[in-house]
Amino acid sequence: MTASQDWPLYEVFIRSRQGLSHVHAGSLHAADAKMALENARDVYTRRSEGTSIWVVESSAITASAPQDKGELFDPADSKVYRHPTFYEVPDDVECL
Amino acid sequence: MALADLAGKDRQNSFDEHVAADGKVEPKDWMPAAYRKTLVRQISQHAHSEVIGMQPEGNWISRAPSLRRKAILLAKVQDEAGHGLYLYSAAETLGVTRHEMEADLMSGKAKYSSIFNYPTLTWADVGCIGWLVDGAAIINQIPLCRCSYGPYARAMVRICKEESFHQRQGFELMMALAKGTASQKAMAQDALNRWWWPAVMMFGPPDGDSVHSSQNMAWKIKRFSNDELRQKFIDMTVKQCEALGLDIPDPDLKFNAATGHCDIGPIDWDEFWAVVKGHGPCNRQRLEQRNRAHDEGAWVREAATAFAAKERDRQQQRAA
Ligand SMILES: [Fe+2]
Ligand SMILES: [Fe+2]
C-alpha cells in the first residue's frame, strides 16, 4: 500500500463542551487513526468547536438499512401510552 | 408495463413527493440516477472551486502588508481548504471516490468556478476577493443550506458560518484602502474595476440559458434562479460601494424606482463562456499549479502511509 487513495475514511465526532455528547461533525481520509485525529483537530476545531474528538473508521459502523425503517421504527408509533401526555389527570393536582 | 417498471415508477413518485414536501434525502436512501449524477457534478465542482480558490489569495500570503493581515489571510485560505474537504466528503457519500474527483480536477475534465481564473495583481485584489467573491458565494450558498440532500446541506451550514468572516475581512481591507492615501484609493478602485463584472457573472448564465435550472429547482437543489441571486448581489454591493466611496464600473447602473432594484448594463457573456472553456487569463496556470502541488506532495503522502504501516506492525509485535 503506497498510495493515499487507499487511505480509509474516518467519521469524526466532536464534543463541543464538557457535559455534552460527542456529535458527528464530518469525515476525512487518513493513513491511520492518529493522523485522522490530528487532521480532525485542524479541520473541525479551528474555532474552539471542541474539547474532545472521536474518530472511527467508517467501515466499522454497522447501520440500519433505509428499507427496514418501517419494520424497525413504525411499531413505536402506536404506543402513545409511553408518553406522559397520554394520561388524563386533573389540572389542579400538582407535581404530576 | 412490467412489474419491475411499476415498482420503479412507484419509487420515483414517492421520491418526488418526499422532496416536494421539503423532505431530506440521506446517502443510503433510494434516489433517481439523474439526481445522484447532478449532485456529484455540483458538489465536486463546488469542492474544486474551494481548492483552486486558494491560489489567487495564497499568492499574497508572503506579501501581506502587516502581520495582522497575514494571519487573517492564512486563516481564510486554510478555511477554503477545509471547505473543499467538507464538500469532497459530501460528494463521496454519493459513491464517487476522492481519487476520481481529484483526477478529474487535475486532468482539466472537471470544472471549477471561473472567477478563480482571474489574476490577483495588487493587494487590493485580495480585498475584492473577500468582499465580492466571498460575498457572492454567500448569496449562492445560503439557500444551499436547505438543499434536499442532507450531507450537502450540512456541509453548507458549516461553510456559511465560516464565510461571513471572509467577506467582512475583505470589506475591512477595502475600507482601509478606500479611506487611505490617494494612491491606495486608486488601487482599490482599479481592483473593483477588474473584479466587478467577473463577480456579477459568478451567478452563471441568465435564466433563459441556464441548462439545469428547472429540474434542480424541482429537486430542491436550487431554490432561486441565477438572475434572482445576481440581483440580490447587485443591490447589496451598490450600497456597500457607497460606504466605501468607490464607483461601480458600469455607466448604465441606475436605481429602478419601479422595481426597487438596481439595473445594470449588458453583461459580456462571450467573456464568461471563453473563461469557462479554458481561455481565461489564468486557467492554465491554475491547473499547472494544482498538478505541481499534488506531485510535490507525493512524498508526504508516501511517508504518512509508510509510517502508519510501521506503527501498525509495531503494535502487532507488542501484542504478540
Ligand atoms: Fe469557501
Ligand atoms: Fe470563503
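The values are calculated or read from the model by the stated rules, or taken from the named source; none is laboratory data. Because the structure is a prediction, the values reported are computed rather than measured. Don't worry about glycine lacking a Cβ; one is built from the backbone with ideal geometry, like all the others, and counts go over all protein chains shown. For accessibility, only protein heavy atoms count, side chains too; no ligands or nucleic acids. Shrake-Rupley method; radii C 1.70, N 1.55, O 1.52, S 1.80 Å.
Return one quarter of the surface area of the convex hull spanned by the alpha-carbon atoms of region A:52-96, equal to its mean projected area, in nm². Please list the in-between numbers first.
Working: hull surface 27.7 nm².
About 6.9 nm², averaged over all directions.
Apply 1/(1 + (r/R0)^6) to the Cβ-Cβ distance of A:H24 and B:T181, taking R0 = 41 Å, and write down the FRET efficiency to the nearest 0.05.
0.20
For chain B, give the magnitude of the charge dipole about the Cα centre (Cβ charges: +1 Lys/Arg, -1 Asp/Glu; no others), in debye to the nearest 20. Write out the running numbers ahead of the final one.
Working: 40 positive and 40 negative charges, 220 e Å.
Here chain B has a charge dipole of around 1060 debye.
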Take the alpha-carbon centre of region B:144-186, take the same for region B:223-263, and report the distance between them in whole Å. 18
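Of the accessible area of region A:4-86, with the probe set at 1.4 angstrom, what percent is carbon plus sulfur?
Numbers: 2950 of 5500 Å².
It is 54 percent, rounded to a whole number.
All other residues with a Cβ under 12 Å from the Cβ of B:W60 taken together, and with Lys, Arg as +1 and Asp, Glu as -1, what is their net charge? Show your work: numbers first, answer last.
On the way: positive: B:R63, B:R69, B:K70, B:K76; negative: B:E57, B:D125.
Computed value for this residue: +2.
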Any residues in region B:146-181 that have 20 Å² or more less accessible area with all protein chains than in their chain alone, probe 1.4 Å, and which are they? B:R158, B:E162
Per residue, how much accessible surface does region B:30-71 expose to a 1.4 Å probe? Answer in Å², no decimals. 44
Nearby lysines by direct alpha-carbon distance to B:K37 (threshold 22 angstrom, same-chain neighbours under 8 apart not counted): B:K9, B:K24, B:K28, B:K109, B:K111, B:K220, B:K222, B:K277
In nm, to one decimal, how far is the modelled label at B:A258 from the one at A:R15, with both set 7 Å along Cα→Cβ? 6.4
For chain A, what is the accessible area per residue in Å² when the probe is 1.4 Å? 73
Per residue and in Å³, how big is the convex hull formed by the alpha-carbon atoms of region A:4-86? 135
Simple spin-label model, 7 Å along Cα-to-Cβ: B:R292 to A:E57 in nm? 3.8
Value of [θ]222 nm, deg cm²/dmol, for the protein assembly as shown, DSSP H segments ≥ 4, -39500 (n - 2.57) each, nearest 500: -17500 deg cm²/dmol
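What accessible area, summed over both chains, is buried at the A-B interface (1.4 Å probe, Å², nearest 100)?
Values: alone 7940 and 16630 Å², together 22800 Å².
Buried surface at the A/B interface: approximately 1800 Å².
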Among A:Y81, A:L28, A:L9, whose Cα projects farthest towards the positive end of the dipole of region A:4-86, with charges put on the beta-carbon of Lys, Arg (+1) and Asp, Glu (-1)? A:Y81
Packing-based ranking, highest mean first, of B:7-19, B:65-77 given that Cβ atoms within 10 Å are counted: B:65-77, B:7-19
Assigned charges on the beta-carbon of Lys, Arg, Asp, Glu; region A:4-86 dipole about Cα centre (debye): 500
Along Cα→Cβ, 7 Å out, is where each label goes; now give me the distance between the ones at B:Q315 and A:V80 in nm to one decimal. 5.1
Residue-span extension gain [B:M236 to B:F224] - 0.36 nm each, minus C-alpha spacing: 2.7 nm
With a 1.4 angstrom probe the carbon and sulfur portion of accessible area for chain B, in percent, totals 57
Could you please report the charge total around B:N216, scoring K, R as +1 and D, E as -1 over all other residues with beta-carbon less than 10 angstrom from its beta-carbon? +3
Roughly what % of Cα-Cα distances in chain B sit above 33 Å, to the whole percent? 33
Around A:W54, with a cut-off of 11 angstrom between Cβ atoms, what is the net charge of the other residues, counting Lys and Arg +1 and Asp and Glu -1? 0
What does the charge dipole of the protein assembly as shown about its Cα centre add up to, to the nearest 20 debye, if the Cβ of each Lys and Arg holds +1 and the Cβ of each Asp and Glu holds -1? 1240
